[in-house]
Ligand SMILES: Cc1cc2nc3c(=O)[nH]c(=O)nc-3n(C[C@H](O)[C@H](O)[C@H](O)COP(=O)(O)OP(=O)(O)OC[C@H]3O[C@@H](n4cnc5c(N)ncnc54)[C@H](O)[C@@H]3O)c2cc1C
(Lines give C-alpha, C1' and ligand atoms only; values in the text may rest on other atoms or scores of the structure.)
Protein backbone atom coordinates (compact mmCIF):
# COMPACT_ATOMS: atom_id res chain seq x y z
CA UNK A 1 0.00 0.00 0.00
CA UNK A 2 1.22 3.53 -0.71
CA UNK A 3 0.09 6.40 1.46
CA UNK A 4 1.08 9.98 0.93
CA UNK A 5 2.24 12.15 3.79
CA UNK A 6 4.01 15.47 3.97
CA UNK A 7 6.07 14.32 6.92
CA UNK A 8 6.80 10.89 8.39
CA UNK A 9 8.40 10.88 11.83
CA UNK A 10 10.29 7.78 13.00
CA UNK A 11 9.81 7.46 16.77
CA UNK A 12 6.96 8.92 18.79
CA UNK A 13 8.62 9.59 22.15
CA UNK A 14 9.57 13.07 23.45
CA UNK A 15 11.32 14.42 20.33
CA UNK A 16 9.10 12.75 17.73
CA UNK A 17 5.84 13.70 19.41
CA UNK A 18 7.01 17.26 20.17
CA UNK A 19 8.14 17.80 16.56
CA UNK A 20 4.84 16.44 15.22
CA UNK A 21 2.76 18.55 17.59
CA UNK A 22 4.62 21.79 16.85
CA UNK A 23 4.53 21.16 13.12
CA UNK A 24 0.81 20.51 13.16
CA UNK A 25 0.18 23.65 15.22
CA UNK A 26 2.25 25.78 12.86
CA UNK A 27 0.79 24.22 9.73
CA UNK A 28 -2.58 22.56 10.46
CA UNK A 29 -2.88 21.36 6.85
CA UNK A 30 0.30 19.29 7.09
CA UNK A 31 -0.25 15.54 6.79
CA UNK A 32 1.95 14.06 9.50
CA UNK A 33 2.47 10.39 10.33
CA UNK A 34 4.28 9.19 13.45
CA UNK A 35 5.59 5.62 13.46
CA UNK A 36 6.37 4.29 16.93
CA UNK A 37 7.89 0.90 17.63
CA UNK A 38 6.80 0.44 21.23
CA UNK A 39 3.24 -0.60 22.01
CA UNK A 40 3.54 1.21 25.35
CA UNK A 41 6.32 3.48 26.56
CA UNK A 42 8.26 2.18 29.49
CA UNK A 43 10.14 4.24 32.02
CA UNK A 44 13.37 5.52 30.63
CA UNK A 45 16.16 7.90 31.51
CA UNK A 46 15.63 11.59 30.86
CA UNK A 47 13.61 12.11 34.05
CA UNK A 48 15.05 15.34 35.35
CA UNK A 49 14.23 18.48 33.39
CA UNK A 50 16.25 21.70 33.36
CA UNK A 51 15.12 25.33 33.14
CA UNK A 52 15.50 25.11 29.34
CA UNK A 53 13.64 21.85 28.70
CA UNK A 54 10.99 22.97 31.20
CA UNK A 55 10.56 26.29 29.37
CA UNK A 56 10.05 24.23 26.23
CA UNK A 57 7.47 22.02 27.97
CA UNK A 58 5.59 24.86 29.61
CA UNK A 59 5.98 27.85 27.26
CA UNK A 60 6.32 26.24 23.85
CA UNK A 61 4.28 23.05 24.26
CA UNK A 62 1.91 24.51 26.88
CA UNK A 63 1.98 21.55 29.27
CA UNK A 64 2.10 23.40 32.63
CA UNK A 65 -1.27 22.14 33.73
CA UNK A 66 -0.48 18.54 32.79
CA UNK A 67 2.94 18.68 34.48
CA UNK A 68 1.52 20.15 37.67
CA UNK A 69 -1.10 17.42 37.97
CA UNK A 70 0.85 14.37 36.79
CA UNK A 71 4.55 14.85 37.47
CA UNK A 72 6.66 16.17 40.35
CA UNK A 73 7.97 19.69 40.66
CA UNK A 74 11.76 19.51 40.94
CA UNK A 75 13.64 21.43 43.61
CA UNK A 76 17.02 22.05 42.05
CA UNK A 77 20.24 20.12 41.85
CA UNK A 78 22.24 19.09 44.93
CA UNK A 79 25.65 17.51 45.10
CA UNK A 80 27.07 15.41 47.92
CA UNK A 81 30.78 14.80 48.46
CA UNK A 82 32.60 12.55 50.90
CA UNK A 83 36.17 11.94 51.92
CA UNK A 84 35.94 8.46 53.37
CA UNK A 85 33.34 5.69 52.96
CA UNK A 86 32.86 5.55 56.74
CA UNK A 87 32.33 9.32 57.10
CA UNK A 88 29.28 10.47 59.06
CA UNK A 89 26.29 11.42 56.91
CA UNK A 90 26.09 14.94 58.36
CA UNK A 91 29.80 15.52 57.89
CA UNK A 92 29.54 15.11 54.10
CA UNK A 93 29.72 18.22 51.93
CA UNK A 94 26.42 19.39 50.48
CA UNK A 95 26.12 21.95 47.68
CA UNK A 96 22.74 23.18 46.42
CA UNK A 97 19.93 25.68 46.84
CA UNK A 98 18.58 26.70 50.21
CA UNK A 99 15.12 27.70 48.98
CA UNK A 100 12.49 26.48 46.53
CA UNK A 101 13.51 26.67 42.88
CA UNK A 102 12.62 30.02 41.27
CA UNK A 103 11.76 28.62 37.84
CA UNK A 104 9.56 25.62 37.07
CA UNK A 105 11.42 22.34 36.52
CA UNK A 106 10.12 18.79 36.86
CA UNK A 107 10.97 15.19 37.70
CA UNK A 108 9.14 13.28 35.00
CA UNK A 109 8.13 9.69 34.58
CA UNK A 110 8.89 9.42 30.88
CA UNK A 111 6.44 6.58 30.30
CA UNK A 112 3.55 8.89 31.17
CA UNK A 113 5.00 12.16 29.84
CA UNK A 114 5.82 10.68 26.42
CA UNK A 115 2.41 8.98 26.26
CA UNK A 116 0.72 12.30 26.99
CA UNK A 117 2.77 14.16 24.38
CA UNK A 118 1.98 11.54 21.76
CA UNK A 119 -1.74 11.62 22.60
CA UNK A 120 -1.66 15.40 22.29
CA UNK A 121 -0.01 15.16 18.86
CA UNK A 122 -2.64 12.68 17.71
CA UNK A 123 -5.43 14.85 19.11
CA UNK A 124 -3.94 17.75 17.10
CA UNK A 125 -4.45 15.70 13.92
CA UNK A 126 -1.30 13.62 13.42
CA UNK A 127 -1.67 9.99 12.29
CA UNK A 128 -0.02 7.27 14.33
CA UNK A 129 1.10 3.71 13.50
CA UNK A 130 1.85 1.78 16.65
CA UNK A 131 3.35 -0.67 17.39
CA UNK A 132 5.20 -0.34 14.11
CA UNK A 133 8.92 -0.68 13.55
CA UNK A 134 10.54 1.22 10.71
CA UNK A 135 12.70 -1.28 8.84
CA UNK A 136 13.83 0.69 5.83
CA UNK A 137 14.30 4.30 4.75
CA UNK A 138 14.79 5.31 1.15
CA UNK A 139 15.57 8.97 0.79
CA UNK A 140 14.87 10.71 -2.49
CA UNK A 141 14.93 14.41 -3.30
CA UNK A 142 11.21 14.72 -4.05
CA UNK A 143 9.58 11.83 -2.16
CA UNK A 144 11.11 9.38 0.29
CA UNK A 145 9.81 5.95 1.23
CA UNK A 146 9.53 4.60 4.72
CA UNK A 147 8.84 0.88 5.24
CA UNK A 148 7.64 -0.50 8.51
CA UNK A 149 6.40 -3.71 10.02
CA UNK A 150 3.38 -3.87 12.27
CA UNK A 151 1.85 -7.08 13.66
CA UNK A 152 3.70 -9.07 10.98
CA UNK A 153 2.39 -6.88 8.13
CA UNK A 154 4.83 -4.86 6.02
CA UNK A 155 3.79 -1.49 4.62
CA UNK A 156 5.47 1.42 2.87
CA UNK A 157 4.51 5.07 2.99
CA UNK A 158 5.89 7.95 1.00
CA UNK A 159 6.59 11.44 2.25
CA UNK A 160 8.16 14.76 1.30
CA UNK A 161 10.09 14.85 4.60
CA UNK A 162 11.39 12.11 6.89
CA UNK A 163 12.25 13.09 10.45
CA UNK A 164 14.40 10.73 12.47
CA UNK A 165 13.40 10.81 16.15
CA UNK A 166 14.50 7.24 16.86
CA UNK A 167 16.75 8.12 19.82
CA UNK A 168 20.02 6.20 20.25
CA UNK A 169 19.03 3.93 17.36
CA UNK A 170 20.03 7.00 15.27
CA UNK A 171 18.62 5.37 12.15
CA UNK A 172 19.43 8.09 9.64
CA UNK A 173 22.85 9.05 10.99
CA UNK A 174 23.94 5.41 10.78
CA UNK A 175 22.34 4.77 7.41
CA UNK A 176 23.87 7.88 5.84
CA UNK A 177 27.32 7.31 7.37
CA UNK A 178 27.17 10.45 9.56
CA UNK A 179 27.23 8.64 12.93
CA UNK A 180 30.32 9.46 15.04
CA UNK A 181 31.20 8.02 18.44
CA UNK A 182 32.68 10.67 20.76
CA UNK A 183 35.72 8.65 21.81
CA UNK A 184 37.23 11.52 23.85
CA UNK A 185 34.59 10.94 26.49
CA UNK A 186 34.49 7.23 27.45
CA UNK A 187 31.52 7.26 29.82
CA UNK A 188 29.01 4.52 30.63
CA UNK A 189 25.85 4.28 32.73
CA UNK A 190 23.96 1.75 34.84
CA UNK A 191 20.59 2.61 36.35
CA UNK A 192 17.46 1.20 37.99
CA UNK A 193 14.35 2.28 39.84
CA UNK A 194 14.17 1.54 43.53
CA UNK A 195 11.45 1.23 46.11
CA UNK A 196 11.97 1.78 49.83
CA UNK A 197 14.40 4.69 49.44
CA UNK A 198 14.55 6.80 52.60
CA UNK A 199 12.90 10.19 52.74
CA UNK A 200 15.51 12.96 52.88
CA UNK A 201 13.08 15.15 54.85
CA UNK A 202 11.59 12.62 57.26
CA UNK A 203 10.85 13.18 60.93
CA UNK A 204 13.38 10.46 61.75
CA UNK A 205 16.08 12.44 60.00
CA UNK A 206 15.06 15.64 61.72
CA UNK A 207 15.67 13.89 64.99
CA UNK A 208 18.92 12.26 63.95
CA UNK A 209 20.43 15.19 62.05
CA UNK A 210 18.81 18.44 63.33
CA UNK A 211 21.52 20.75 61.94
CA UNK A 212 21.15 19.12 58.51
CA UNK A 213 17.35 19.41 58.66
CA UNK A 214 17.35 23.06 59.70
CA UNK A 215 20.00 24.20 57.23
CA UNK A 216 17.75 23.91 54.21
CA UNK A 217 14.37 25.59 53.63
CA UNK A 218 13.21 23.47 50.70
CA UNK A 219 12.59 19.73 50.51
CA UNK A 220 15.71 17.84 49.52
CA UNK A 221 13.53 14.88 48.50
CA UNK A 222 12.26 16.68 45.39
CA UNK A 223 15.73 17.70 44.20
CA UNK A 224 17.92 15.81 41.79
CA UNK A 225 20.53 14.66 44.30
CA UNK A 226 23.95 13.66 43.03
CA UNK A 227 26.53 11.58 44.88
CA UNK A 228 29.94 12.58 43.58
CA UNK A 229 33.14 10.51 43.40
CA UNK A 230 36.44 10.32 41.58
CA UNK A 231 35.58 9.41 37.99
CA UNK A 232 31.88 8.85 38.68
CA UNK A 233 28.63 10.34 39.90
CA UNK A 234 25.20 8.93 40.77
CA UNK A 235 21.82 10.55 40.25
CA UNK A 236 18.90 10.11 42.64
CA UNK A 237 15.59 11.29 41.14
CA UNK A 238 12.18 10.91 42.84
CA UNK A 239 9.25 9.89 40.65
CA UNK A 240 5.56 10.50 41.13
CA UNK A 241 4.12 7.68 43.23
CA UNK A 242 7.20 7.04 45.37
CA UNK A 243 9.70 5.07 43.27
CA UNK A 244 13.15 6.55 42.92
CA UNK A 245 15.38 6.46 39.86
CA UNK A 246 19.08 6.04 40.63
CA UNK A 247 21.94 5.58 38.25
CA UNK A 248 25.69 5.62 38.04
CA UNK A 249 27.67 7.31 35.27
CA UNK A 250 31.42 6.68 35.13
CA UNK A 251 34.48 7.36 33.05
CA UNK A 252 36.12 4.05 32.20
CA UNK A 253 39.58 5.67 32.28
CA UNK A 254 39.14 6.30 36.00
CA UNK A 255 36.62 3.90 37.46
CA UNK A 256 35.48 0.28 37.29
CA UNK A 257 32.22 -0.93 38.78
CA UNK A 258 32.99 -3.67 41.33
CA UNK A 259 31.93 -7.20 40.39
CA UNK A 260 28.81 -8.67 41.96
CA UNK A 261 26.04 -11.24 41.56
CA UNK A 262 24.16 -9.20 38.96
CA UNK A 263 23.89 -5.65 37.63
CA UNK A 264 21.27 -4.48 40.14
CA UNK A 265 23.33 -5.80 43.07
CA UNK A 266 26.45 -4.12 41.68
CA UNK A 267 24.63 -0.80 41.36
CA UNK A 268 23.12 -1.06 44.81
CA UNK A 269 26.48 -2.02 46.33
CA UNK A 270 28.09 0.96 44.66
CA UNK A 271 25.47 3.38 46.02
CA UNK A 272 26.24 2.04 49.48
CA UNK A 273 29.94 2.92 49.15
CA UNK A 274 29.07 6.62 49.55
CA UNK A 275 28.11 7.68 53.11
CA UNK A 276 25.04 9.53 51.82
CA UNK A 277 24.03 6.61 49.60
CA UNK A 278 24.48 4.25 52.56
CA UNK A 279 21.90 6.18 54.58
CA UNK A 280 19.46 6.74 51.73
CA UNK A 281 19.57 3.28 50.15
CA UNK A 282 20.03 1.15 53.29
CA UNK A 283 16.58 -0.49 52.93
CA UNK A 284 16.03 0.14 49.22
CA UNK A 285 15.23 -2.60 46.72
CA UNK A 286 15.69 -2.58 42.97
CA UNK A 287 12.35 -2.91 41.17
CA UNK A 288 12.57 -6.21 39.34
CA UNK A 289 13.20 -6.07 35.64
CA UNK A 290 14.00 -2.36 35.73
CA UNK A 291 17.80 -2.31 35.63
CA UNK A 292 19.59 -1.10 32.52
CA UNK A 293 23.03 -0.18 31.22
CA UNK A 294 24.51 1.69 28.27
CA UNK A 295 28.16 1.87 27.38
CA UNK A 296 29.86 4.45 25.13
CA UNK A 297 27.21 7.09 25.88
CA UNK A 298 28.33 10.03 23.70
CA UNK A 299 27.98 10.25 19.93
CA UNK A 300 26.73 12.70 17.31
CA UNK A 301 25.69 12.93 13.71
CA UNK A 302 28.09 14.95 11.53
CA UNK A 303 25.11 16.09 9.42
CA UNK A 304 21.62 16.58 10.78
CA UNK A 305 19.53 17.45 7.73
CA UNK A 306 19.31 17.52 3.96
CA UNK A 307 16.64 18.14 1.36
CA UNK A 308 13.80 15.91 2.54
CA UNK A 309 15.23 14.70 5.86
CA UNK A 310 16.11 15.97 9.34
CA UNK A 311 17.19 14.51 12.67
CA UNK A 312 15.94 15.53 16.11
CA UNK A 313 16.67 14.67 19.75
CA UNK A 314 18.95 11.79 20.68
CA UNK A 315 18.95 10.57 17.09
CA UNK A 316 21.19 13.59 16.37
CA UNK A 317 23.54 13.15 19.32
CA UNK A 318 24.10 12.80 23.05
CA UNK A 319 26.90 13.99 25.36
CA UNK A 320 26.53 13.28 29.06
CA UNK A 321 23.59 13.27 31.51
CA UNK A 322 25.34 15.43 34.16
CA UNK A 323 23.24 18.64 34.41
CA UNK A 324 20.48 16.85 32.38
CA UNK A 325 21.03 18.49 28.99
CA UNK A 326 19.44 15.63 26.98
CA UNK A 327 15.96 17.12 26.82
CA UNK A 328 17.47 20.58 26.17
CA UNK A 329 18.93 19.22 22.93
CA UNK A 330 15.61 17.50 22.15
CA UNK A 331 13.80 20.82 22.72
CA UNK A 332 16.09 22.90 20.50
CA UNK A 333 16.23 20.41 17.63
CA UNK A 334 12.52 19.50 17.65
CA UNK A 335 11.49 23.12 17.74
CA UNK A 336 13.87 24.11 14.94
CA UNK A 337 12.98 21.21 12.64
CA UNK A 338 9.21 21.62 13.14
CA UNK A 339 9.52 25.29 12.17
CA UNK A 340 11.63 24.64 9.07
CA UNK A 341 9.29 21.91 7.84
CA UNK A 342 6.19 24.03 8.48
CA UNK A 343 7.74 26.84 6.42
CA UNK A 344 8.72 24.51 3.61
CA UNK A 345 5.27 22.94 3.43
CA UNK A 346 3.87 26.46 3.21
CA UNK A 347 5.99 26.93 0.08
CA UNK A 348 9.04 28.74 1.48
CA UNK A 349 12.63 28.12 0.45
CA UNK A 350 14.36 26.65 3.52
CA UNK A 351 17.80 25.93 2.06
CA UNK A 352 19.46 28.61 4.19
CA UNK A 353 17.82 27.27 7.34
CA UNK A 354 18.96 23.72 6.55
CA UNK A 355 22.48 25.02 5.98
CA UNK A 356 22.39 26.77 9.37
CA UNK A 357 21.23 23.61 11.16
CA UNK A 358 23.97 21.47 9.55
CA UNK A 359 26.63 24.01 10.32
CA UNK A 360 25.58 24.99 13.84
CA UNK A 361 24.62 21.60 15.31
CA UNK A 362 28.17 20.16 15.32
CA UNK A 363 29.50 23.50 16.67
CA UNK A 364 26.91 23.50 19.45
CA UNK A 365 27.66 19.86 20.28
CA UNK A 366 31.41 20.47 20.37
CA UNK A 367 31.17 23.68 22.41
CA UNK A 368 28.72 22.11 24.89
CA UNK A 369 31.06 19.13 25.28
CA UNK A 370 34.27 21.10 25.73
CA UNK A 371 32.82 23.69 28.09
CA UNK A 372 30.95 21.38 30.45
CA UNK A 373 32.14 17.79 30.13
CA UNK A 374 35.55 17.17 28.63
CA UNK A 375 37.67 15.40 31.29
CA UNK A 376 35.36 16.64 34.06
CA UNK A 377 35.47 13.20 35.66
CA UNK A 378 39.07 13.98 36.68
CA UNK A 379 37.88 16.62 39.17
CA UNK A 380 34.20 15.95 39.87
CA UNK A 381 34.93 14.09 43.14
CA UNK A 382 36.71 17.08 44.69
CA UNK A 383 34.13 19.26 46.46
CA UNK A 384 36.05 22.52 46.12
CA UNK A 385 36.78 22.17 42.40
CA UNK A 386 33.41 20.72 41.46
CA UNK A 387 31.46 23.31 43.46
CA UNK A 388 33.41 26.06 41.65
CA UNK A 389 32.48 24.40 38.34
CA UNK A 390 28.84 24.07 39.37
CA UNK A 391 28.57 27.79 40.14
CA UNK A 392 30.32 28.78 36.91
CA UNK A 393 28.56 26.22 34.69
CA UNK A 394 25.03 26.81 35.93
CA UNK A 395 25.62 30.56 36.22
CA UNK A 396 26.77 30.73 32.59
CA UNK A 397 23.81 28.59 31.54
CA UNK A 398 21.47 31.10 33.18
CA UNK A 399 23.18 34.10 31.59
CA UNK A 400 23.59 32.61 28.13
CA UNK A 401 20.49 30.45 27.68
CA UNK A 402 17.90 30.62 30.46
CA UNK A 403 17.57 34.41 30.62
CA UNK A 404 17.08 34.87 26.85
CA UNK A 405 14.70 31.90 26.67
CA UNK A 406 12.45 33.40 29.33
CA UNK A 407 12.50 36.78 27.57
CA UNK A 408 11.52 35.36 24.19
CA UNK A 409 10.99 31.58 24.08
CA UNK A 410 9.55 31.53 20.55
CA UNK A 411 12.69 33.16 19.16
CA UNK A 412 15.30 31.41 21.30
CA UNK A 413 14.08 27.88 20.51
CA UNK A 414 14.66 28.63 16.83
CA UNK A 415 18.42 28.92 17.18
CA UNK A 416 21.09 26.74 18.71
CA UNK A 417 23.34 27.65 21.64
CA UNK A 418 26.93 28.93 21.14
CA UNK A 419 25.96 30.71 17.95
CA UNK A 420 28.19 33.30 16.25
CA UNK A 421 31.18 35.26 17.57
CA UNK A 422 29.64 35.76 21.01
CA UNK A 423 29.02 32.01 21.27
CA UNK A 424 32.63 31.26 20.34
CA UNK A 425 33.96 33.73 22.94
CA UNK A 426 31.78 32.25 25.69
CA UNK A 427 32.77 28.72 24.62
CA UNK A 428 36.46 29.66 24.81
CA UNK A 429 36.13 31.21 28.28
CA UNK A 430 34.17 28.26 29.65
CA UNK A 431 36.47 25.66 28.07
CA UNK A 432 39.41 27.51 29.58
CA UNK A 433 38.17 27.34 33.17
CA UNK A 434 37.11 23.72 32.64
CA UNK A 435 40.62 22.84 31.40
CA UNK A 436 42.14 24.64 34.40
CA UNK A 437 39.91 22.75 36.82
CA UNK A 438 40.94 19.49 35.13
CA UNK A 439 44.60 20.47 35.54
CA UNK A 440 44.01 21.33 39.20
CA UNK A 441 42.21 18.02 39.76
CA UNK A 442 45.12 16.11 38.26
CA UNK A 443 47.64 18.12 40.32
CA UNK A 444 45.66 17.36 43.48
CA UNK A 445 45.56 13.66 42.61
CA UNK A 446 49.29 13.62 42.04
CA UNK A 447 49.96 15.56 45.25
CA UNK A 448 47.58 13.51 47.40
CA UNK A 449 45.33 16.49 48.21
CA UNK A 450 42.36 15.52 46.03
CA UNK A 451 39.14 15.66 48.04
CA UNK A 452 40.94 17.12 51.06
CA UNK A 453 37.99 19.48 51.66
CA UNK A 454 35.26 16.89 51.25
CA UNK A 455 34.11 17.14 54.85
CA UNK A 456 32.46 19.47 57.28
CA UNK A 457 30.77 22.16 55.16
CA UNK A 458 27.54 22.92 53.41
CA UNK A 459 26.99 25.54 50.75
CA UNK A 460 23.32 26.40 50.46
CA UNK A 461 22.89 29.39 48.22
CA UNK A 462 19.84 31.48 47.35
CA UNK A 463 19.33 29.75 44.03
CA UNK A 464 19.90 30.63 40.39
CA UNK A 465 17.66 33.28 38.86
CA UNK A 466 17.48 34.59 35.29
CA UNK A 467 18.56 38.15 36.09
CA UNK A 468 21.63 40.05 37.27
CA UNK A 469 21.57 38.39 40.72
CA UNK A 470 23.08 35.30 39.10
CA UNK A 471 26.38 37.19 38.81
CA UNK A 472 26.82 36.89 42.56
CA UNK A 473 27.00 33.10 42.17
CA UNK A 474 29.31 33.36 39.17
CA UNK A 475 31.64 35.63 41.21
CA UNK A 476 31.62 33.07 44.02
CA UNK A 477 32.59 30.36 41.52
CA UNK A 478 35.39 32.51 40.09
CA UNK A 479 36.87 33.24 43.53
CA UNK A 480 36.75 29.55 44.44
CA UNK A 481 38.52 28.58 41.23
CA UNK A 482 41.18 31.32 41.68
CA UNK A 483 41.65 30.32 45.28
CA UNK A 484 42.29 26.73 44.11
CA UNK A 485 44.85 28.12 41.62
CA UNK A 486 46.62 30.01 44.41
CA UNK A 487 46.70 26.95 46.65
CA UNK A 488 48.13 24.98 43.75
CA UNK A 489 50.82 27.60 43.15
CA UNK A 490 51.80 27.59 46.82
CA UNK A 491 51.96 23.77 46.84
CA UNK A 492 53.98 23.73 43.62
CA UNK A 493 56.46 26.24 45.08
CA UNK A 494 56.75 24.20 48.27
CA UNK A 495 57.27 21.03 46.21
CA UNK A 496 60.20 22.78 44.44
CA UNK A 497 62.03 22.96 47.78
CA UNK A 498 63.63 19.56 48.57
CA UNK A 499 61.43 17.82 51.15
CA UNK A 500 62.58 15.44 53.77
CA UNK A 501 59.11 13.98 54.29
CA UNK A 502 57.88 11.73 51.40
CA UNK A 503 54.90 13.12 49.43
CA UNK A 504 51.44 11.83 50.38
CA UNK A 505 49.97 8.89 48.51
CA UNK A 506 48.98 9.72 44.97
CA UNK A 507 46.30 7.02 44.87
CA UNK A 508 42.84 8.51 44.19
CA UNK A 509 40.15 7.88 46.75
CA UNK A 510 37.12 6.07 45.47
CA UNK A 511 34.65 8.48 47.05
C1 LIG B 1 22.02 7.50 31.59
C2 LIG B 1 21.23 8.64 31.03
C3 LIG B 1 20.58 9.52 31.87
C4 LIG B 1 19.85 10.59 31.34
N5 LIG B 1 19.25 11.49 32.18
C6 LIG B 1 18.64 12.57 31.66
C7 LIG B 1 18.03 13.54 32.50
O8 LIG B 1 18.00 13.41 33.72
N9 LIG B 1 17.45 14.62 31.91
C10 LIG B 1 17.45 14.80 30.55
O11 LIG B 1 16.96 15.81 30.06
N12 LIG B 1 17.97 13.87 29.74
C13 LIG B 1 18.56 12.77 30.25
N14 LIG B 1 19.07 11.83 29.42
C15 LIG B 1 18.87 12.00 27.98
C16 LIG B 1 17.43 11.64 27.59
O17 LIG B 1 17.15 10.34 28.02
C18 LIG B 1 17.27 11.74 26.09
O19 LIG B 1 17.81 12.96 25.64
C20 LIG B 1 15.82 11.63 25.66
O21 LIG B 1 15.20 10.52 26.22
C22 LIG B 1 15.77 11.51 24.14
O23 LIG B 1 14.43 11.51 23.72
P24 LIG B 1 14.11 11.16 22.20
O25 LIG B 1 12.64 11.28 22.03
O26 LIG B 1 15.01 11.90 21.30
O27 LIG B 1 14.54 9.63 22.05
P28 LIG B 1 13.92 8.38 22.81
O29 LIG B 1 13.30 8.77 24.07
O30 LIG B 1 15.02 7.37 22.84
O31 LIG B 1 12.78 7.88 21.84
C32 LIG B 1 13.05 7.24 20.62
C33 LIG B 1 11.75 6.56 20.19
O34 LIG B 1 11.95 6.02 18.89
C35 LIG B 1 11.36 4.74 18.83
N36 LIG B 1 12.05 4.00 17.78
C37 LIG B 1 13.37 3.64 17.73
N38 LIG B 1 13.62 2.94 16.62
C39 LIG B 1 12.44 2.87 15.94
C40 LIG B 1 12.06 2.26 14.72
N41 LIG B 1 12.94 1.58 13.97
N42 LIG B 1 10.78 2.37 14.31
C43 LIG B 1 9.85 3.05 15.06
N44 LIG B 1 10.16 3.63 16.24
C45 LIG B 1 11.45 3.54 16.67
C46 LIG B 1 11.59 4.15 20.22
O47 LIG B 1 10.67 3.10 20.49
C48 LIG B 1 11.38 5.40 21.09
O49 LIG B 1 10.05 5.51 21.51
C50 LIG B 1 19.76 10.75 29.94
C51 LIG B 1 20.38 9.83 29.09
C52 LIG B 1 21.12 8.79 29.62
C53 LIG B 1 21.79 7.83 28.69
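The values are calculated or read from the model by the stated rules, or taken from the named source; none is laboratory data. The model shown is predicted, which means the values in this text are computed figures rather than measured ones. Ideal geometry is used to build each Cβ from the backbone, glycine not excepted, and the neighbour counts take in all protein chains shown.
Data table
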item	result
Given (1) more than 14 Å from the ligand (Cβ to nearest atom); (2) buried (at least 20 other Cβ atoms within 10 Å of the Cβ); (3) not assigned by TED's automatic domain parsing to the domain that holds residue 167, number of the condition residue 84 does not satisfy	(2)
Among residues of the stretch 268-318, those that are within 30 Å of residue 85 (Cβ to Cβ), within 12 Å of the ligand (Cβ to nearest atom) and not in a loop (DSSP other than H, G, I, E, B), counted	3
So residue 22, is it modelled with pLDDT of 95 or more and farther than 30 Å from residue 216 by Cα	yes
Of all residues in the stretch 319-351 being more than 15 Å from the ligand (Cβ to nearest atom) and part of a helix (DSSP H, G or I), the one that is nearest to residue 410 (Cα to Cα)	339
Of the criteria (1) surrounded by 20 or more Cβ atoms within 10 Å (Cβ to Cβ); (2) part of a helix (DSSP H, G or I), which one residue 366 fails	(1)
Matching entry among 12, 46 (being at pLDDT below 95, within 10 Å of the ligand (Cβ to nearest atom), part of a loop (DSSP other than H, G, I, E, B) and under 23 Å from residue 294 (Cβ atoms))	46
Members of the stretch 241-258 found to be out of contact with any helix residue (DSSP H, G or I) (no Cβ under 7 Å at 6 or more places or on another chain) and either away from the ligand (no atom under 16 Å from the Cβ) or not in a strand (DSSP E or B) (or both), listed by number	241, 242, 243, 252, 253, 255, 256
Criterion (at positive phi, touching a residue at least 40 places away in the same chain (Cβ under 8 Å) and within 21 Å of the chain's Cα centre (by Cα)) met by exactly one of 418, 378	418
Residue check for residue 87: at pLDDT 95 or above, over 30 Å from residue 135 (Cα atoms) and over 23 Å from the mean Cα position of the chain (by Cα)	yes
Yes/no for residue 18 being over 18 Å from residue 224 (Cα atoms), buried (at least 23 other Cβ atoms within 10 Å of the Cβ) and within 15 Å of the ligand (Cβ to nearest atom)	yes
Odd one out for residue 74 among (1) more than 14 Å from the ligand (Cβ to nearest atom); (2) more than 30 Å from residue 4 (Cβ to Cβ); (3) crowded, with 23+ Cβ neighbours inside 10 Å	(1)
Long-range neighbours under 6 Å by Cβ, at least six apart or interchain, first residue farther than 21 Å from residue 398 by Cα within the stretch 426-439, second at pLDDT 95 or above and part of a helix (DSSP H, G or I)	438/378
Check on residue 113, farther than 18 Å from residue 10 by Cβ, in contact (Cβ under 8 Å) with a residue 40 or more places away in the chain, within 15 Å of the ligand (Cβ to nearest atom) and in a helix (DSSP H, G or I)	yes
Count of residues meeting criterion [closer than 28 Å to residue 343 by Cα, in a loop (DSSP other than H, G, I, E, B) and more than 10 Å from the ligand (Cβ to nearest atom)] in the stretch 29-43	3
Single residue of 178, 185 found to be within 13 Å of the ligand (Cβ to nearest atom) and surrounded by fewer than 23 Cβ atoms within 10 Å (Cβ to Cβ)	185
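Yes/no per residue for (1) under 20 Å from residue 342 (Cα atoms); (2) free of Cβ contacts under 8 Å to residues at least 60 places away in the same chain; (3) outside any loop (DSSP other than H, G, I, E, B):
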site	(1), (2), (3)
136	no, yes, yes
141	yes, no, no
147	no, yes, yes
156	no, no, yes
160	yes, no, yes
163	yes, no, yes
172	no, no, yes
180	no, no, yes
185	no, no, no
